[in-house]
Structure formats: C-alpha cells, structure tokens
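The structure appears below as structure tokens.
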Amino acid sequence: MSYYAVVSPRQRHLKWRSFDALEAVVMVLCGIAIGGFTITVFFDVTTRAIGHPWLYLQEVTSHFFVYGVFLGSAAATRRNDHLYLSAIVETLTGRTRMFFETFTRLVVLAVACCLLFFGFINFLHGFGSKRMPSLTPESTLTAAIPLCGLLVALFTVEQLVNGWRNGFARDEGPAHASETPA
C-alpha cells in the first residue's frame, strides 16, 4: 500500500502532485486526532467511573478535537468534500460555471485569509493565558486556527489556478482509490 493511498484521486485536474504529500500528512494527522480524541475520552470516562480521574485528559481531549476539526477542514478543502455548493454548479457550463466556481473559491479564500490573520493574532494573545491543570499556553490550542487558514488558502489557490488553466469541469473518476476499475 502506497503512502499516498490516502490522497483522493478525484478532481486530479485541480491538484498539483507536489501537494499530494501535504494532503497525505494532513490526512494522517486527522486520523491521529480522531483516534487520540476517542482514546482520551474513553480513558477520561473510565478513570472518573473508578474514582481516580486524570484531570489533564480533558485538556488533551480538547487539543485532539480542535486539531481534528481544523485539519479536517483543510483536508476537506483539498479533496473538495465540503465548503462548496457543487450540486448547483455542476449543472452549469462555460463562463457561468467558471464564474461560480471562481466566486465560491474566492469566498473560501477570503475566509482562509481571515482564519490566518485573526487566528495568528489569537495565537499570539494565547501566550498570556495558561491551560489548566498543565499550565501550557493557550497558544498550543489556538495554533490550529492559523494553520488551518494557511492550508485552506494553499489548497484553494491550487484549485483556482488549475481550474483557470484546465477548466473546473472534468470527469470525476472514482471517489476513492479502492473504487478504481480493474
């Protein structure tokens, strides 16, 4: 099984191969975040039930949850899995489709820039607050926001440039590598 097995083959014409490794890393980190969230919730509930709670588990759980959400959003942007009203746009052709595909991605790019800019400000302010009980800076949690903004912006620019060059409409192909015809 290839390291890139987690990279979606859908809409290949909108993707640069150089970002495939980044998508693979983001997908693996999403898996770690989901697994870590599940395990820490399980141990948190179990240790509370037996009367010996691990107080820092709630803090670890919140980190896994927040990073999972924000990295998942970035992965979904690269994979074109959400953030777009594709059912309506896919019925359009020509310049109308080009306009709506561009407009949608420019809105996503604007949101990504806001996440990056304001998230970075929030990240910097987080050094003044500590998380309990570990006393780690709040910035360890809020760093996920500008990271998400950066990744979403990169993936959106990638789709815009490739969509303008190659057109946004193409045969989709299989949604997952396992659905590739033999």
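Values in this text are rule-based calculations from the coordinates and carry no lab data. On a predicted model such as this, the values are computed, not experimentally measured, just so you know. No Cβ is skipped: glycine too gets one built from the backbone with ideal geometry, and neighbour counts run over all protein chains shown.
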Practice problem: Just need a number here: residues in region 1-55 that are in a helix (DSSP H, G or I), touching a residue at least 24 places away in the same chain (Cβ under 8 Å) and of a type in the set (Ser, Thr, Tyr). | Solution: 1
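Go through region 56-80 and count every residue that is over 10 Å from the mean Cα position of the chain (by Cα) and in contact (Cβ under 8 Å) with a residue 24 or more places away in the chain. Quick ask: steps written out before the conclusion?
Taking region 56-80 as the starting set, the residues that turn out to be over 10 Å from the mean Cα position of the chain (by Cα) are 56-66, 80.
Then drop every residue that is not in contact (Cβ under 8 Å) with a residue 24 or more places away in the chain, which leaves 56, 59-66, 80.
Of the residues in region 56-80, 10 are over 10 Å from the mean Cα position of the chain (by Cα) and in contact (Cβ under 8 Å) with a residue 24 or more places away in the chain.
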